[in-house]
Amino acid sequence: MVNMWFIIILMFMIGNMIFVSKHKHLLIMLLSLEFIVLSMYLLMLLYLSLIEFNMYMLMVFLVFSVCEGALGLSILVSMIRTYGNDYFQSFNLL
């Protein structure tokens with residue numbers, strides 16, 4: 001059980017390190033955010049099964065994470081159509 005906690009926390013930390021270090025491409029940032037969401041889902045699943053709680057919150061969490069992924073992909077598609085790539089340095093934010 002302790003090994004599972006360690007693996008999930010390691011997944012979370014690796015996702016955060018990728019998110020911080022690979023800030024040039026929007027697609028890599030979105031993938032690292034989904035990896036963080038996956039690790040948080042596993043952490044909630046392990047914790048809720050440990051305390052024998054209702055798993056309804058996991059469904060709510062999955063719905064919000066799917067909405068977050070769809071919004072990120074729509075921003076990526078609109079950015080690629082407008083600027084031609086997903087580099088953050090290719091356009092001005094102001």
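What follows draws every value from the coordinates through simple rules; no lab data is involved. Note that the structure is predicted; figures quoted are calculated from it, not measured. Positions of Cβ are generated from backbone atoms using ideal geometry, with glycine treated the same way; all protein chains shown enter the neighbour counts.
Compute from the Cα atoms of the chain the Rg and the Dmax, the latter being the longest Cα-Cα distance, and quote both in angstrom.
Computed over the Cα atoms of the chain, radius of gyration and Dmax are 16.3, 50 Å.
So if each residue of separation counts as 0.36 nm, and I subtract the Cα-Cα distance between Met13 and Glu34, what length gain in nm does that give?
Details: separation 21, 0.36 × 21 = 7.56 nm, distance 1.30 nm.
Length difference between fully extended and current span is 6.3 nm.
Report, in deg cm²/dmol and to the nearest 500, the calculated mean residue ellipticity at 222 nm for the chain, where each DSSP H run with n ≥ 4 adds -39500 (n - 2.57) and the sum is divided by the residue count.
On the way: 3 runs with 73 residues, N = 94.
Calculated at 222 nm, the ellipticity per residue is -27500 deg cm²/dmol.
So what is the relative contact order of the chain, in percent, for Cα pairs below 8 Å that sit 6 or more residues apart? Can you show the working numbers first?
On the way: 61 pairs, mean separation 28.0, N = 94.
Relative contact order comes out at 30 percent.
Fewest to most neighbouring Cβ within 10 Å: what's the order for Val2, Val60? Please report the intermediate quantities before stating the final value.
Values: Val2 6, Val60 9.
Placing the least packed residue first, the sequence is Val2, Val60.
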